[in-house]
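Readers should treat all values here as calculations from the given coordinates under stated rules, not as data from a laboratory. Predicted model, so just to flag it, every value in this text is computed and none were measured. Cβ placement follows ideal geometry from the backbone for every residue including glycine, while neighbour counts extend to all protein chains displayed.
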Amino acid sequence: MVGSAIVRLLEKRGYKNLILRRSSELDLRDQQAVKSFFHQETPEYVFLAAAKVGGIVANNTYKAQFIYENLMIQSNVIHAAYELGVKKLLFLGSSCIYPKFAEQPIKEESLLTGALEPTNESYALAKIAGLRMCDFYREQYGCDFISLMPTNLYGPGDNYDLQNSHVIPALLRKFHEAKNRQSELNQNVSAEGYSEPVEGGNELVKEHSEPVELWGSGSPMREFLHVDDLADACLYFMQNYSQAGHVNIGTGTDVTIKELAEMIAEIVGYSGKIFWNSSYPDGTPRKLLDVSKASTFGWKATIPLKEGLRQVYIEKFLE
């Protein structure tokens, strides 16, 4: 998702000499393959967006796989970039690097000041190692390696598999499928003579349709950034930032998961019930990034959440 967004932006801005590989073409976990790629292609600038990612279920289930694959990917690429002497490398981390109960909004200085959220600890540890690696390579070897820490992302190219997706694609798919079931039930009710089809579903349909089950209480607060905004930040900081220490990238505003679900239900056109299953974990209570450092360097997100969600829904499910 992130890599594609960066490529779209670079092409839009007129960059043509792009060196690209899909994971099926280059296994970044393979050190020798990565070395060979760097020596053959000799890239000057590197955006390291590749990672093994997933939602709360995947993170909590495949802990060994998440830490191993992410450590291998970033270590191989960062070290090869150093060996080849690339002009600049940008490493992308994640806001999950911060302590579970970090003071809100979370400043960059909060890193390593408390315990991590257990459900994504393995992924967070790998990302912490990556940003520290960039700082240490800068300190010891003089490499111009920088790190950005984006908040929760959504946008084109996201993963909609309900077993390992993040919250926004999962909600979009659940509500879209529920709306379709609701429409079918509405048609059946109309055919039996009970009522006429009504846009969004009538009260009889709403009463008898199955509710959409969502995990947790809905109370955790999250910040969401459109991936096109992140791509813009990547290019901006690649051109305007050359320091040790990472930079938070986000919108500076957050919503509860319940508010997010209601917003998505409205966008999709689902008018049925929502059941919050509190037997499932909520994760970190709140995770809002302090984006004042990014603002100081002249960058700010521009895509409002509701507008971005509507755009993603139309592109994924209606076109």
Worksheet, complete the sentence: The answer for Ile106, listing residues at least 5 apart or on another chain whose modeled amide H is closer than 5 Å to its amide H, is Leu288, Leu289, Asp290
Practice prompt. Could you order peptides 178-186, 164-172 by the average number of other Cβ atoms within 10 Å of their residues, highest first?
Written response: 164-172, 178-186
Worksheet item: For the chain, what is the percent of antiparallel DSSP beta bridges, rounded to the nearest 5?
Response: 10 percent
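Compute the signed sum of charges (Lys and Arg +1, Asp and Glu -1) over the other residues within less than 15 Å, Cβ to Cβ, of Ile67.
Surrounding charge for Ile67 is +2.
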Worksheet item: Roughly how many debye, to the nearest 20, is the charge dipole of region 48-151 about its Cα centre, given +1 on each Lys and Arg Cβ, -1 on each Asp and Glu Cβ, and no other charges?
Response: 180 debye
Worksheet item: For region 16-118, what relative contact order do you get, as a whole percent, if you take Cα pairs closer than 8 Å and at least 6 residues apart?
Response: 28 percent
Worksheet item: Name the GluC sites (Glu not before Pro) in region 1-110 that are in a loop by DSSP and that have at most 16 other C-beta atoms within 10 Å, would you?
Response: Glu25, Glu44, Glu103
Fill in: Directionally averaged projected area (convex hull, Cα atoms, region 71-146), nm²
5.2 nm²
Worksheet entry | Distance in nm between pseudo-label sites at Asn180 and Arg13 (7 Å out along the Cβ direction from Cα) | 3.8 nm
Discussion item. Let me understand region 1-104 better: what is its radius of gyration from the alpha carbons, and its Dmax, in angstrom?
Written reply: 15.3, 46
Worksheet item: Span-like helices, the chain: DSSP H, alpha-carbon axial extent 24 Å or more, mean Kyte-Doolittle 0.0 or greater, which ones?
Response: 63-84
Worksheet entry | Listed candidates [x] 23.0; [y] 19.0; [z] 17.4 - label of the one calculated as mean projected area of the Cα convex hull in nm² | [z]
Discussion item. Can you give me the distance in nm between label points at Tyr141 and Glu266, each placed 7 Å from the Cα along the Cα-to-Cβ direction?
Written reply: 5.0 nm
Worksheet item: Which whole-number percent of Cα pairs in region 235-303 have a distance greater than 13 Å?
Response: 75 percent
Item to complete: Would you please name the trypsin sites (Lys or Arg not before Pro) within region 80-172 that are DSSP coil residues with at most 12 other C-beta atoms within 10 Å of their C-beta?
Response: Lys87
